[in-house]
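Novice: Sharing a structure here in structure tokens format.
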């Protein structure tokens with residue numbers, strides 16, 4: 001199986017989410033998204049309105065991150081953020097699940113937060129980050145089940161802030177759990193076209209990638225001349 005560059009580019013959420021993100025990074029993100037025609041751009045909430053304006057009319061979506069990267073804000077703050085982002089016209093909102101609640105077995109609290117944010121974001125695409133690299137397989141399964149049951153559009157593997165990366169094993173466990181109930185976004189350590197295509201083969205349809213890596217992978221994809229090869233692999237091989 002092969003995909004075109006356009007198909008590849010639309011799956012990329014390029015981001016500028018370092019702690020020292022500046023206006024230079026903002027402009028670099030906008031310029032790169034236009035040049036490579038990435039599907040969506042993500043930046044810190046303080047820049048969201050300006051990002052929306054900079055991308056207006058380009059066909060490139062803008063996204064923002066909620067309770068990022070810790071997921072530890074009170075529910076009331078998360079709902080306020082969700083309403084604010086929706087009022088801005090955000091195309092995508094990525095919220096961080098409260099990992100502490102999940103690990104403590106407080107599943108109803110986890111559900112309550114996702115449902116409340118889902119209600120507040122209305123028709124905006126909602127992705128819930130589970131930080132899979134911090135979870136056991138059993139916890140990944142539980143998190144994915146909750147996310148899918150609560151009506152999120154995507155379950156997302158990570159924030160990119162943890163030391164460990166998202167692995168093919170994480171993706172396999174996630175896909176086996178959610179099936180077609182929701183989509184999967186991979187983020188955190190996706191730094192090569194080879195890894196990206198393997199994750200795509202396992203069922204990932206969107207990728208959150210830091211700007212420098214997104215540009216590097218895009219250049220790899222361009223070199224494939226519209227024939228990006230997708231390997232034939234099975235979920236069972238990575239469980």
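Novice: Only helical DSSP H runs with n ≥ 4 go in: add -39500 (n - 2.57) per run for the chain, normalise by residue count and round the 222 nm mean residue ellipticity to 500 deg cm²/dmol.
Specialist: Here the helix-only value at 222 nm equals -14000 deg cm²/dmol.
Novice: Mind putting together the pair-distance distribution for the range 82-181? All Cα pairs, 10 Å bins, whole percent per bin, short to long.
Specialist: It works out to 16, 50, 30, 4, in whole percents.
Novice: Stretch residue 87-residue 232 to full length: gain in nm at 0.36 nm per residue minus the Cα-Cα span? It would help to have the intermediate numbers written out before the result.
Specialist: Numbers: separation 145, 0.36 × 145 = 52.20 nm, distance 4.23 nm.
Full extension of this stretch gives 48.0 nm more.
Novice: Quick check on the chain: of the DSSP beta bridges with both residues there, what percent are antiparallel, nearest 5%? Let's see the in-between values first.
Specialist: Details: 2 of 31 bridges.
So the antiparallel bridges amount to about 5 percent of the total.
Novice: Grab the eigenvalues of the alpha-carbon gyration tensor for the range 2-238, scale each by 5, take roots, and send me the semi-axes largest first in whole angstrom. Each step should come with its number before you reach the end.
Specialist: On the way: eigenvalues 132, 108, 41 Å².
Taking √(5λ) for each Cα gyration eigenvalue gives 26, 23, 14 Å.
Novice: Give me the distance in nm between label points sitting 7 Å out from Cα along the Cα-to-Cβ direction at residue 72 and residue 27, one decimal.
Specialist: With each label point 7 Å from Cα toward Cβ, the separation is 3.6 nm.
Novice: Can I ask one more? Run the numbers on the range 2-238 and let me know its relative contact order in percent, using alpha-carbon pairs under 8 Å that are six or more apart. Walk me through the numbers on the way to the answer.
Specialist: On the way: 437 pairs, mean separation 47.1, N = 237.
Value for the range 2-238: 20 percent.
FYI, it's all coordinate maths here, none of it is from the lab. Fair warning: this is a prediction, and the values are worked out from it, not measured in the lab. All Cβ positions, glycine included, derive from the backbone under ideal geometry; neighbour counts span all protein chains shown.
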